[in-house]
Amino acid sequence: MRKAFVTGITGQDGSYLAELLLEKGYEVWGLIRRSSSFNTGRLDHLYRDPHEQPRLRLVHGDMTDGSNLASLIAEIRPDEVYNLAAQSHVRVSFDQPIYSVNVAGLGTLRLLEAIRSCSLPVRFYQASSSEMYGRVVETPQTEKTLFYPRSPYACAKVYGYWQTVNYREAYGLFACNGILFNHESPRRGETFVTRKITRAATRIKCGLQEKLYLGNLDAKRDWGFAGDYVEAMWRMLQQEHADDYVVATGRTHAVREFLDEVFGYLDLDWSQYVEIDPRYFRPSEVDLLQGDASKAREVLGWEPRVRLRELARMMTDADMELAQQELAISRHTGVAGGSSRA
């Protein structure tokens, strides 16, 4: 049985990747930080039968502790390592730049060094980001497009990208970068713009919220479905040779188009509910991201299956269930909804 070690397993991508690997018969080990509260809600459905020997195991650790990572690699002896850990919210990285870089940048180096030191034939996946392109120098962006990062998060990801390439070339590690463009799902964190929109729109529809406050509505992104994108991660580590790949839909949409899809699906006019708040603008904006995944299609045989409209409706349906649950609770308790900055 093959073993996979996944950092960032409690996040959106980590949960979808864990599902995929378990379906393929892997034993999956996930890294979680010690905390005063549990943050494993996205994984709870994977523990179905309490009498079955679990193939999903969670271990405590931290991307800021290199010796701990080395000990875990030596103990688990994984065949594959997927590094998904990061403080991944771009706007927050401006407020917490040192922590963001420590986890996403230096954390990648610590993990690579732990793998190199163990002398095992481990295959390594690094979660790189389209944010590395930043102020884009060409459109669409490919594996050969120059990086121009515009946030502490993006700078950290560029560092992690080149360390992955360096360990591949200097030490012969099977190490791949997946340059993933924006990918969403019902499991997306509620502070990310797509989920903010679906969460707020459904609450507005149910009378639980009055307004949604957003930043730049003209920012354009290449949005795909996280469930599709984790399959590309896995396929990268099944190749004969390690390489780097852009993973994207090739289509770009503005934030206001996502608003159109979600509010229109709910038969609402978003212009009546959305207000612009300057606090949600980044100090340096990324205006347009659009990926060219031709290499992933040709080499990996990967194709995105879910398009924007289907994705928006999938997320809206899931959040409508949450909003209806909230509504039922509020009616039972007598606590009414109100204005929120979502």
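The values are calculated or read from the model by the stated rules, or taken from the named source; none is laboratory data. Note that the structure is a prediction, hence the values are computed from the model and not measured. Methodologically, a virtual Cβ is constructed for each residue, glycine included, from the backbone with ideal geometry; neighbour enumeration extends over all protein chains shown. Surface areas here come from the heavy atoms of the whole protein model, side chains and all, with no ligands, DNA or RNA. Shrake-Rupley method; radii C 1.70, N 1.55, O 1.52, S 1.80 Å.
A quick yes/no check of all residues on (1) in a helix (DSSP H, G or I); (2) of a type in the set (Ser, Thr, Tyr); (3) without any contact (Cβ under 8 Å) to a residue 60 or more places away in the chain:
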{"site": "ARG135", "(1), (2), (3)": "no, no, no"}
{"site": "GLU169", "(1), (2), (3)": "yes, no, yes"}
{"site": "ARG195", "(1), (2), (3)": "yes, no, no"}
{"site": "ARG203", "(1), (2), (3)": "yes, no, no"}
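Residue-by-condition table, conditions (1) among the aliphatic types (A, V, I, L, M); (2) open to solvent by less than 10 Å² (accessible area, probe 1.4 Å); (3) out of contact with any Lys or Arg (no Cβ under 6 Å at 6 or more places or on another chain):
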site: TYR16; (1), (2), (3): no, no, yes
site: ILE32; (1), (2), (3): yes, no, yes
site: ASN39; (1), (2), (3): no, no, yes
site: ARG42; (1), (2), (3): no, no, no
As an exercise: evaluate HIS45 against (1) of a type outside the set (A, V, I, L, M); (2) closer than 25 Å to GLU184 by Cα; (3) modelled with pLDDT of 95 or more; (4) assigned to a helix (DSSP H, G or I) and give the number of the one condition it does not meet. (3)
Test result for ARG187, more than 17 Å from ALA293 (Cα to Cα) and either modelled with pLDDT of 95 or more or surrounded by 22 or more Cβ atoms within 10 Å (Cβ to Cβ) (or both): yes
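Would you mind finding the one in ALA156, ALA127 that is of a type in the set (A, V, I, L, M) and assigned to a helix (DSSP H, G or I)? Working first, answer last.
On the way: ALA127 fails: assigned to a helix (DSSP H, G or I).
Result: ALA156 is the single residue among ALA156, ALA127 that is of a type in the set (A, V, I, L, M) and assigned to a helix (DSSP H, G or I).
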Residues of the stretch 205-224 classified as touching a Ser or Thr at 6+ places or on another chain (Cβ under 7 Å), assigned to a strand (DSSP E or B) and surrounded by fewer than 22 Cβ atoms within 10 Å (Cβ to Cβ), total: 1
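On the given criteria, is ALA114 modelled with pLDDT of 95 or more and under 19 Å from the mean Cα position of the chain (by Cα)?
Numbers: modelled with pLDDT of 95 or more: yes; under 19 Å from the mean Cα position of the chain (by Cα): no.
Taking the combined requirement at face value, the residue does not satisfy it.
Scan the stretch 153-167 for residues that are open to solvent by 40 Å² or more (accessible area, probe 1.4 Å) and in contact (Cβ under 8 Å) with a residue 24 or more places away in the chain and jot them down.
Residues of the stretch 153-167 open to solvent by 40 Å² or more (accessible area, probe 1.4 Å): 155, 159, 162, 166.
Within the stretch 153-167, CYS155, TYR159 meet the criteria.
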Looking at this structure, is GLU261 modelled with pLDDT of 95 or more, more than 21 Å from the chain's Cα centre (by Cα) and in a loop (DSSP other than H, G, I, E, B)? no
Among the residues of the stretch 92-109, count how many are open to solvent by 60 Å² or more (accessible area, probe 1.4 Å) and in a helix (DSSP H, G or I). 4
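From ALA85, ALA74, ALA114, grab the single residue that is touching a helix residue (DSSP H, G or I) at 6+ places or on another chain (Cβ under 8 Å), more than 17 Å from PHE181 (Cα to Cα) and either open to solvent by 10 Å² or more (accessible area, probe 1.4 Å) or assigned to a loop (DSSP other than H, G, I, E, B) (or both). Spell out the reasoning first.
On the way: ALA85 fails: more than 17 Å from PHE181 (Cα to Cα); ALA114 fails: either open to solvent by 10 Å² or more (accessible area, probe 1.4 Å) or assigned to a loop (DSSP other than H, G, I, E, B) (or both).
One residue alone meets the criteria, ALA74.
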When you check ASP277 against the structure, is it of a type in the set (D, E, K, R) and out of contact with any Phe, Trp or Tyr (no Cβ under 9 Å at 6 or more places or on another chain), yes or no? no
Find the residue count for the stretch 267-301, including only residues that are surrounded by fewer than 17 Cβ atoms within 10 Å (Cβ to Cβ), of a type in the set (A, V, I, L, M, F, W, C) and assigned to a loop (DSSP other than H, G, I, E, B). 2
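For the stretch 137-152, enumerate the residues that are buried (at least 22 other Cβ atoms within 10 Å of the Cβ), outside any strand (DSSP E or B) and either at pLDDT 95 or above or in contact with a Lys or Arg (Cβ under 7 Å, 6 or more places away or on another chain) (or both). I'd like the intermediate steps shown before the answer.
Narrowing the stretch 137-152 to residues buried (at least 22 other Cβ atoms within 10 Å of the Cβ): 141, 151-152.
If we keep only those that are outside any strand (DSSP E or B) too, we end up with 151-152.
Once the filter is applied, which keeps residues that are buried (at least 22 other Cβ atoms within 10 Å of the Cβ), outside any strand (DSSP E or B) and either at pLDDT 95 or above or in contact with a Lys or Arg (Cβ under 7 Å, 6 or more places away or on another chain) (or both), the stretch 137-152 yields only SER151.
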